[in-house]
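These notes are about the structure you will find just below.
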Amino acid sequence: MRKSRARWLGVALLTVLLTAAAARADKWQLDPAHSTIEFTVRHLMISNVRGHFDKFSGEVTADGQDPNSVKITATIDAASINTGVERRDGHLKSADFLEVEKFPTLTFVSKKIESAGEGKWKVNGDLTLHGVTKEVELDIDGPTPIMKDPQGKSRVGASATATINRKEFGVNWNKALEAGGVVVGDKVAVSIEVEAFKVE
């Protein structure tokens, strides 16, 4: 009887501790109205074409001030790609590029975060694009000091950059130019501006 009671008390205590730890964890939700996910790719070897995604969501969780506890997740609607040219956007949504009907989302899940100097971080995580998952590294500036908006919500911001090779994700379409070179560059520069609010 005593062993059974001791075991029950141990389980109860563990449950209380885990619940308390979960309660301390902060959750921040990305605000799409004040955030952007943009990309740049070389065109004809002479200029840069820029675009962005109109629809995305994400959140960051952290246990207090422990950077090792930070977890970042994000989901992007592939069909929301927007370069300002309807015909080009249609091509980017097709099987030549993102193939959005088959692969409707891009996702990112962080795995590790490391300090890269004052106010700077390196975040490694898995990016899934076009059905292929590869590890990528984000260079982070921030976070900013926490501010209160007019409604009393806590808000924070950060910036991130990365460069990926689209061919590593199976996005291989291209055409050779008569003078040499290709129509579309392989490297895609990604630039992210995030504003997030604390979920109370």
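Annotations
- Theoretical ellipticity at 222 nm over the chain - DSSP helices of four or more residues, -39500 (n - 2.57) apiece, nearest 500: -5000 deg cm²/dmol
- Rg followed by Dmax, in Å, when the range 26-198 is reduced to its Cα trace: 17.3, 60
- Cross-link partners of K93 among lysines (Cα-Cα below 23 Å; sequence separation of 8 or more within a chain): K55, K102, K134, K167, K175, K187
- Sequence-separation-based contact order of the chain, relative, with Cα cut under 8 Å and 6+ spacing, percent: 23 percent
- Separation of the S159 and M45 label points, Cα + 7 Å toward Cβ, nm: 3.2 nm
- Amide N proximity, the range 122-157 versus A25 label position 7 Å along Cα-to-Cβ, cut-off under 19 Å: 124-126
Taken together, the values in this text are just the output of simple stated rules run on the coordinates, not laboratory data. Since the structure is predicted, the reported quantities are computational estimates derived from the model, not experimental observations. FYI the Cβ positions are ideal-geometry reconstructions off the backbone, even for glycines, and counts take in every protein chain you see.
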